[in-house]
Each structure stands twice: as structure tokens, then as C-alpha cells.
1. When we measure straight from the Cα of B:LYS57, which lysines land under 25 angstrom away, once same-chain ones fewer than 8 places off are left out?
2. As a footprinting exposure proxy, order B:LEU77, B:LEU55 by other Cβ within 10 Å, with the fewest listed first.
3. Give a residue-ordered list of calculated ³J(HN,Hα) values for the range B:17-27 (Karplus: 6.51 cos²θ - 1.76 cosθ + 1.60, θ = phi - 60°; whole Hz; x for Gly, Pro).
4. So if I take the centroid of the Cα atoms in the range A:19-62 and the same for the range B:39-113, what is the distance between those two points in Å?
5. From other protein chains only, count the Cβ atoms within 10 Å of every residue's Cβ in B:18-31, then give the mean.
6. Mind ordering B:4-11, B:88-95 by average Cβ neighbours within 10 Å, highest first?
7. Step through the residues of the range B:32-38 one at a time and calculate ³J(HN,Hα) from phi using the Karplus curve (6.51 cos²θ - 1.76 cosθ + 1.60, θ = phi - 60°), rounding each to whole Hz and writing x for Gly and Pro.
8. Treating only the Cβ of Lys, Arg, Asp and Glu as charged (+1, +1, -1, -1), what charge dipole size does the protein assembly as shown show about its Cα centre? Round to the nearest 20 debye.
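FYI, it's all coordinate maths here, none of it is from the lab. Only a predicted model underlies this, so the values are computations on that prediction, with no experimental measurement involved. Here the Cβ is made from the backbone with ideal geometry for all residues, glycine too, and neighbour counts use every protein chain on show.
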Amino acid sequence: GIQVEQSPPDLILQEGANSTLRCNFSDSVNNLQWFHQNPWGQLINLFYIPSGTKQNGRLSATTVATERYSLLYISSSQTTDSGVYFCAVERHQAGTALIFGKGTTLSVSS
Amino acid sequence: DTGVSQDPRHKITKRGQNVTFRCDPISEHNRLYWYRQTLGQGPEFLTYFQNEAQLEKSRLLSDRFSAERPKGSFSTLEIQRTEQGDSAMYLCASSPSTLYEQYFGPGTRLTVT
């Protein structure tokens with residue numbers, strides 16, 4: 001099956017720093033989503049980005065589908081950005097299930 | 001437009017007992033998904049429905065697990081004869097169709113003692 005690898009597994013930042021999270025996937029995908037899981041376990045949608053670039057405030061994401069990777073950029077990080085960031089893909093021509101990576105745990109300190 | 005809701009949020013049960021969880025998707029979302037998440041891992045797919053039809057089940061969904069979506073609206077996930085290995089967060093998601101974002105509920109955290 002498709003493999004989804006996220007790096008780095010852990011990231012520690014000072015407030016105000018910028019960061020880049022990476023997601024590599026092993027096969028063609030229909031759908032790619034980035035999520036932020038808060039300390040209570042809620043998965044919050046950040047981006048639906050099977051290809052191209054999107055921006056939302058301090059966050060932006062780029063997916064290069066032909067090279068099978070996606071990047072999530074966080075600028076001017078805040079303590080509220082702490083949590084686990086997941087990349088998830090929906091397999092091409094298989095539909096339905098999202099396959100998640102193991103996540104990147106981000107800790108932002110003031 | 002309210003989000004996906006799940007009930008209960010927490011459930012503690014003794015090994016061998018049956019438990020049932022409920023998920024209410026975003027209204028008019030045809031697709032409903034169940035995932036399971038254990039500590040330190042990403043969510044893993046269990047099953048999904050298109051309206052009332054259960055179209056795919058993961059090999060993770062053993063015979064002790066059953067899911068229903070009787071009227072194409074809410075869904076229930078039942079675990080019979082719970083085992084300690086069933087302890088996990090059970091997440092529900094919905095989407096309008098394929099090729100659309102999936103939106104997740106807050107989850108039901110199950111602890112089997």
C-alpha cells in the first residue's frame with residue numbers, strides 16, 4: 001500500500017521562528033490534506049491541497065504531485081501552534097480512505 | 001452549519017463488555033468514515049459509508065466490530081467483547097463525496113480496563 005512519511009518527527013521552536021514540515025508519499029494521490037491535532041485530540045483541517053500552493057494567514061502549503069511530496073510552512077510561530085501535524089493522502093483510483101503519516105510533533109515555547 | 005459530532009466523548013469499560021459509539025456527520029455529507037487512533041500514531045481507516053451502504057472495510061475491522069448507518073444520516077460503531085487492545089481514540093469523519101475534504105469529529109476515547 002501507499003506509504004506516507006513525515007519529517008521531522010519532532011520540532012522544538014521559539015516563538016516567532018519559522019518552520020517547514022515535509023510529507024513524502026509513495027504513489028499517485030487524489031487528495032492530500034494537512035491537519036493540526038490539538039491537545040484534546042481534535043483534528044483541525046488546515047489545507048486540502050492535492051497540488052499547487054495555498055496560503056492561509058501564517059500557514060502555507062505546497063504539493064508537488066509529480067515528485068510526490070508536500071510541504072507545510074509555518075511562519076512567525078506562536079505557542080498555540082503546538083501540537084501534532086498530520087499529512088494524509090487518498091490513493092489515486094482507490095478512493096475513500098485517508099492514509100495518514102505518523103505526524104510531526106511541534107512544540108513552540110515563549 | 002455544525003461540524004461532525006460524536007457521542008460519548010469518553011468511555012471506560014471492562015474487558016468483555018460491549019460498547020457503542022455514535023457519529024452525526026455534517027448535514028448533507030454523503031460519505032461517513034470511521035478511523036481509529038492509538039497513542040503516537042496517525043489515524044487508521046476502519047470503514048466508510050456512502051449514504052447507507054457500507055462500501056469498504058479495513059482488515060483492522062475484526063468480527064467483533066460492526067458499523068451501521070441505517071438511514072444514511074448518523075452512524076454507530078459497536079465493539080463486542082472488548083479487549084484491552086481496543087483502547088484507542090475512535091474518530092468519525094464526513095465528506096460530501098470523494099475528492100473533497102474530510103472533516104473530523106472530536107473523537108470518542110475508549111479505555112478498556
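1. Output for B:LYS57: A:LYS102, B:LYS11, B:LYS71.
2. Details: B:LEU77 22, B:LEU55 12.
Fewest-to-most Cβ neighbours within 10 Å comes out as B:LEU55, B:LEU77.
3. So the J values, rounded to whole Hz, are 7, 9, 9, 9, 10, 10, 10, 10, x, 5, 4.
4. When both Cα centres are located, 22 Å separates them.
5. The mean count of partner-chain Cβ atoms within 10 Å per residue comes to 0.
6. Numbers: B:4-11: 15.6, B:88-95: 23.6.
My ranking of the peptides, most packed first, is B:88-95, B:4-11.
7. Each residue's phi maps through the Karplus curve to give 9, 10, 10, 10, 10, 10, 9 Hz.
8. Values: 20 positive and 20 negative charges, 88 e Å.
It comes to approximately 420 debye.
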